[in-house]
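Colleague: I am attaching a structure below and will ask some questions about it afterwards.
The values are calculated or read from the model by the stated rules, or taken from the named source; none is laboratory data. In this text the structure is predicted, and so the values were computed from the model without any measurement. Note that we place each Cβ from the backbone using ideal geometry, even for glycine, and neighbour counts take in every protein chain shown.
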Amino acid sequence: MDFLGIHLMDGGSLIISTMEYSISPDARLALDLALTVRHDGQGGVVDDLTDLTGLTTWVGAHADALPEAAGFSADEPTLAAVRELRAAVRALFARAVRPGEPSPADAARLLSVPEALARLNGAAAVAPTVPVLSWTPASEPVVHHAPATDEDPLTATLARAAIAFLASPERQRLRACHAPRCVRYFLKEHPRQEWCKPSCGNRARVARHHERHKKIAS
Ligand SMILES: [Zn+2]
């Protein structure tokens, strides 16, 4: 899908870029889960899922993608399970961006790939699914996997989204942003995109400029 994206730069100037790729709901959900680990703007890292309120808020904000969201109130076992699943997703994101470097937020404490896969598949296996075919007049037939029973834990939904994303061609657009202080994973929106946001590109260019001048001065 082609559409125009308008970004407001840090300095207030407006740039208009052509975004050449769209993002699927599965990719969006898996990415948003990973992005609950984020930078605090001061060189540190914050975690949106450290307590029950954090998880309840995050699920509420993803009500369109999570059928479980209606009336959801987090409990300790669910929070622990979602955090364990997120660690698996981030380890597999780190695997997906190779040979690029992973996000520095957790690069030093990543799960092994076999352990991450076992955890992800384990979470998805908790709820059996059935294939459902949709075929609208305007589109190609699409299959998605719907829960076979009423029991569908949040972690199973999140795991299915991560599996669908990691097994799709969209995975090849996944990158870790290596602008100063940034720890985000992002999906490239156009072929030459190097940074998650224009503001990160600006910071990276400023840092490179300083680096060059330091070298010249010394
Ligand atoms: Zn960034």
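Colleague: Is at least one residue of region 206-214 within 16 Å of the ligand (Cβ to nearest atom), free of Cβ contacts under 8 Å to residues at least 24 places away in the same chain and not aliphatic (A, V, I, L, M)?
Modeller: Yes, the conditions are met somewhere in region 206-214.
Colleague: In addition: Evaluate region 109-129: report whether one residue or more is in a strand (DSSP E or B), polar (S, T, N, Q) and within 19 Å of residue 28 (Cβ to Cβ).
Modeller: Checked region 109-129: no residue is in a strand (DSSP E or B), polar (S, T, N, Q) and within 19 Å of residue 28 (Cβ to Cβ).
Colleague: Can you find a residue in region 172-183 that is more than 13 Å from the ligand (Cβ to nearest atom), surrounded by 12 or more Cβ atoms within 10 Å (Cβ to Cβ) and either at pLDDT 90 or above or under 23 Å from residue 69 (Cα atoms) (or both)?
Modeller: yes
Rundown of residues vs (1) in contact (Cβ under 8 Å) with a residue 40 or more places away in the chain; (2) surrounded by fewer than 18 Cβ atoms within 10 Å (Cβ to Cβ); (3) more than 14 Å from the chain's Cα centre (by Cα), yes/no style:
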residue: 156; (1), (2), (3): no, no, yes
residue: 166; (1), (2), (3): yes, no, no
residue: 169; (1), (2), (3): no, yes, yes
residue: 193; (1), (2), (3): no, no, yes
residue: 196; (1), (2), (3): no, no, no
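Colleague: Okay, next question. Could you list all residues from region 93-108 that are in a loop (DSSP other than H, G, I, E, B) and surrounded by 10 or more Cβ atoms within 10 Å (Cβ to Cβ)? Quick ask: steps written out before the conclusion?
Modeller: Filtering region 93-108 down to residues in a loop (DSSP other than H, G, I, E, B) leaves 97-106.
Result: 97, 100, 101, 102, 103, 104, 105, 106.
A quick yes/no check of all residues on (1) closer than 16 Å to residue 29 by Cα; (2) in contact with a Leu (Cβ under 8 Å, 6 or more places away or on another chain):
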position: 42; (1), (2): no, no
position: 47; (1), (2): no, no
position: 52; (1), (2): no, yes
position: 64; (1), (2): yes, no
position: 78; (1), (2): no, yes
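Colleague: Can I ask one more? For region 95-114, give me each residue that is in contact with a Leu (Cβ under 8 Å, 6 or more places away or on another chain) and free of Cβ contacts under 8 Å to residues at least 24 places away in the same chain.
Modeller: Across region 95-114, the qualifying residue is only 113.
Colleague: Oh, and also: Given the options 65, 27, 34, 69, name the one that is buried (at least 16 other Cβ atoms within 10 Å of the Cβ), modelled with pLDDT under 90 and under 21 Å from the mean Cα position of the chain (by Cα).
Modeller: 69
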